[in-house]
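The values are calculated or read from the model by the stated rules, or taken from the named source; none is laboratory data. Being a predicted model, the structure only gives us computed values, none of them experimental. Because the Cβ atoms are built from the backbone with ideal geometry, glycine has one as well, and the counts that use them run over all protein chains shown. Protein only, heavy atoms only, side chains kept; ligands, DNA and RNA dropped before computing areas. Shrake-Rupley method; radii C 1.70, N 1.55, O 1.52, S 1.80 Å.
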Amino acid sequence: MAARGQDARARSAHARRKQRTARAAGLARLGVVVVLLVVGAVAAWHVFHGGGAGAAGATSATQGRFGNEGSYEVRISEQAKAFSTPPELVGSLPSATGRNPWRLGAAVLNAVPVTDVVVGAGGSVNAIALTFDDGPSPFTAQVVKTLARYKAHATFFMLGREIKAHPDAVREVLAGGNAIGDHTWSHSDLRRLSVKERRDEIVGTAQQLNTTGSPTPTLVRPPYGSTNPTINRFIRSLGMLPVNWNVDPDDWKVNPVPSVDAIVAGVVDNVKPGSIVLMHDGGGDRTNTVAALPRILAILRNRGIRVVTVPQLLKQSPPGADKLLSSY
Ligand SMILES: [Zn+2]
């Protein structure tokens with residue numbers, strides 16, 4: 001009996017051990033799955049925010065992919081710190097009709113479904129558009145001067161808080177015959193905002209431009225390029241068109257900061273007729289962008305490529321389906 005009793009105890013101890021082992025194996029398998037999920041999510045985030053070499057390849061000029069802007073913090077300028085949230089909206093947005101120089105016209109608007117964001121113009125003209133984001137800033141005047149020297153015009157996607165902090169720079173951009181687009185008040189990811197916050201960010205910026213003497217913008221560039229069909233439709237309901245880019249010379253990168261040579265090559269090696277190029281005159285130290293610009297403009301001029309505003313480019317050659325995306 002005693003032996004059988006010991007046997008039974010041994011058997012049940014063995015069974016308990018087996019159970020524990022099975023439970024441990026189950027937990028280990030679960031752990032592996034969780035780790036894989038986390039690694040996958042981190043990798044997806046990394047690719048979305050353009051952190052990896054693979055992402056950089058995928059965001060090259062011709063593929064119409066973008067989003068690289070996401071991995072850097074847009075620094076608030078000293079003057080703009082007091083204006084970090086959009087003001088209470090008063091009234092609605094004056095519509096961009098009549099004599100607005102940036103009016104897009106039916107041919108452009110009809111070419112873009114209301115759910116889509118534009119990443120480039122059609123290729124039927126030998127012209128491109130340079131865009132400068134996150135300003136205005138103390139670097140803006142130099143950019144404007146260089147553009148004028150080459151009889152080129154660019155589109156500045158401005159932040160409301162920086163417009164309020166640097167109104168003179170807005171007027172210099174306008175006096176140079178350049179276009180201004182809306183880049184939200186505080187560089188917020190529109191996908192993370194409520195409907196009211198989206199309206200405040202976009203309409204507040206457009207109203208601040210009006211206050212500064214600018215026509216109402218007809219273009220919105222979503223910060224980080226981050227958008228979706230709902231946001232695109234909302235921007236269209238405001239009478240504006242969402243526009244991203246299809247050439248990114250990475251001038252926003254900080255670690256390491258790209259050289260002047262790299263920024264020049266990033267533009268001139270990748271542009272095609274109708275390209276829209278992402279550059280920055282605000283959000284950080286833009287010394288290298290400012291230094292790259294005259295070289296870029298000289299090379300483009302030698303190739304006979306005109307540098308025009310985004311509204312001009314789109315009107316000259318409305319985007320085909322290959323220059324439209326519904327989300328990013
Ligand atoms: Zn930006």
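Restricting the stretch 298-312 to residues that are touching a Ser or Thr at 6+ places or on another chain (Cβ under 8 Å) and assigned to a helix (DSSP H, G or I), which is nearest to Ile128 (Cα to Cα)?
Of the residues in the stretch 298-312, the ones touching a Ser or Thr at 6+ places or on another chain (Cβ under 8 Å) are 309-311.
Those still in the list that are assigned to a helix (DSSP H, G or I) too: 310-311.
On the way: Val310: 8, Pro311: 11 Å.
The qualifying residue nearest to Ile128 (Cα to Cα) is Val310.
Within the stretch 245-269, being free of Cβ contacts under 8 Å to residues at least 60 places away in the same chain, aliphatic (A, V, I, L, M) and assigned to a loop (DSSP other than H, G, I, E, B) holds for one residue alone: Val257.
Within the stretch 139-163, being under 21 Å from the mean Cα position of the chain (by Cα) and more than 16 Å from the ligand (Cβ to nearest atom) holds for one residue alone: His153.
Within the stretch 270-297, the set of residues being open to solvent by less than 10 Å² (accessible area, probe 1.4 Å) and in a helix (DSSP H, G or I) comprises Thr289, Ala292, Leu293, Ile296, Leu297. Looking at (1) assigned to a helix (DSSP H, G or I); (2) over 18 Å from Thr140 (Cβ atoms); (3) open to solvent by less than 40 Å² (accessible area, probe 1.4 Å); (4) within 16 Å of the ligand (Cβ to nearest atom), can you tell me which one Thr205 breaks? Of (1) assigned to a helix (DSSP H, G or I); (2) over 18 Å from Thr140 (Cβ atoms); (3) open to solvent by less than 40 Å² (accessible area, probe 1.4 Å); (4) within 16 Å of the ligand (Cβ to nearest atom), only one is false for Thr205: (2). Checked against the criterion of being out of contact with any helix residue (DSSP H, G or I) (no Cβ under 7 Å at 6 or more places or on another chain) and either among the hydrophobic types (A, V, I, L, M, F, W, C) or crowded, with 21+ Cβ neighbours inside 10 Å (or both), the candidates Leu219, Leu174 yield just one match: Leu174.
So in the stretch 222-232, with the set limited to residues that are part of a helix (DSSP H, G or I) and either away from the ligand (no atom under 16 Å from the Cβ) or more than 18 Å from Asp116 (Cα to Cα) (or both), which one is most open to solvent (accessible area, probe 1.4 Å)? Here the residue is Thr230.
Here's a check for you: in the stretch 124-153, which residue that is in contact with a Phe, Trp or Tyr (Cβ under 8 Å, 6 or more places away or on another chain) and part of a helix (DSSP H, G or I) is surrounded by the most Cβ atoms within 10 Å (Cβ to Cβ)?
Ranking the candidates gives Val143 first.
Among the residues of the stretch 241-262, those identified as surrounded by 24 or more Cβ atoms within 10 Å (Cβ to Cβ), hydrophobic (A, V, I, L, M, F, W, C) and either away from the ligand (no atom under 15 Å from the Cβ) or under 26 Å from Glu78 (Cα atoms) (or both) are Leu241, Val247, Trp252.
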